[in-house]
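The values are calculated or read from the model by the stated rules, or taken from the named source; none is laboratory data. All figures in this text were calculated on a predicted structure; none of them were measured in a lab. Cβ placement follows ideal geometry from the backbone for every residue including glycine, while neighbour counts extend to all protein chains displayed. Please note that ligands, DNA and RNA were not included when accessible areas were found on the heavy atoms of the full protein model with its side chains. Shrake-Rupley method; radii C 1.70, N 1.55, O 1.52, S 1.80 Å.
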Amino acid sequence: NFKYREQVYAAYVNVSKQFNPKWNASVGLRGELTLSNGYWDTSAPTKKTYFDVFPNVTLGWMPSQKCILSVNYAYRISRPKYWQLNPFKSYINATTYVMGKPDLLPSYSHNVTLSGVFLSRISVNVGYMRDKNFNDMQMPVFDPNSGMMGMVFENAGIQNMAYVSAGLSEQPITKWWNITV
């Protein structure tokens, strides 16, 4: 028997300002209260209550009609999914299983992104993310007596990620056909 209930209460405040035709900014703050209760037959019930504040800031610059640049900072949360918390073994085959961890913590990330849109069709993003309590990691567990191999979800410390993405939207190929890459 596995029962899990999570309630998230949130309040948002956001302020935007257009300084002139070329410069704008946005500052936001989100406060969240999370209440969660988990009950299962195989382990003690878990109860978590936590309050977090998540700021975000964006600064935009439009030097011309064909170029828009922005920089963004955001602090975010990623709560464990239901199946990552479920402590029951889900067998892949006779000797291998996957199992959740009821006391898995949420992960928190700092994200910085520099974005550009050029000619209204080309977009480029460059960013960096630092994720604390990364909760999408499965750690191997081996029982030498039974020969069983398990994969159990764990908080895996800190994950750093840098990324670059580019896109091309609605580029006309013919009168009736556009492409998005």
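Numbers for the structure displayed
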| quantity | calculated |
| --- | --- |
| Candidate set from the stretch 123-136 (those that are under 14 Å from the mean Cα position of the chain (by Cα) and among the hydrophobic types (A, V, I, L, M, F, W, C)); member that is surrounded by the fewest Cβ atoms within 10 Å (Cβ to Cβ) | Met129 |
| Matching residues, the stretch 156-181, being open to solvent by 80 Å² or more (accessible area, probe 1.4 Å) and out of contact with any Gly (no Cβ under 9 Å at 6 or more places or on another chain) | Ile158, Asn160, Ala166, Glu170, Ile173, Lys175, Trp176, Trp177, Asn178 |
| Residue within the stretch 33-44 that is part of a strand (DSSP E or B), open to solvent by 90 Å² or more (accessible area, probe 1.4 Å) and within 14 Å of Tyr82 (Cβ to Cβ) present | yes |
| Selection within the stretch 48-107 - of a type in the set (Phe, Trp, Tyr) and touching a residue at least 12 places away in the same chain (Cβ under 8 Å) | Tyr50, Phe51, Phe54, Trp61, Tyr73, Tyr75, Tyr82, Trp83, Phe88, Tyr97 |
| Selection within the stretch 99-138 - in a loop (DSSP other than H, G, I, E, B), within 14 Å of Leu85 (Cβ to Cβ) and of a type in the set (A, V, I, L, M) | Leu104, Leu105 |
| Members of the stretch 139-155 that are under 21 Å from Arg79 (Cβ atoms) and crowded, with 16+ Cβ neighbours inside 10 Å | Met151, Val152, Phe153, Glu154, Asn155 |
| So Trp83, is it exposed (fewer than 12 other Cβ atoms within 10 Å of the Cβ) and closer than 30 Å to Met151 by Cβ | yes |
| Which numbered condition Pro63 misses (of (1) open to solvent by less than 50 Å² (accessible area, probe 1.4 Å); (2) closer than 30 Å to Val181 by Cβ; (3) touching a strand residue (DSSP E or B) at 6+ places or on another chain (Cβ under 6 Å)) | (3) |
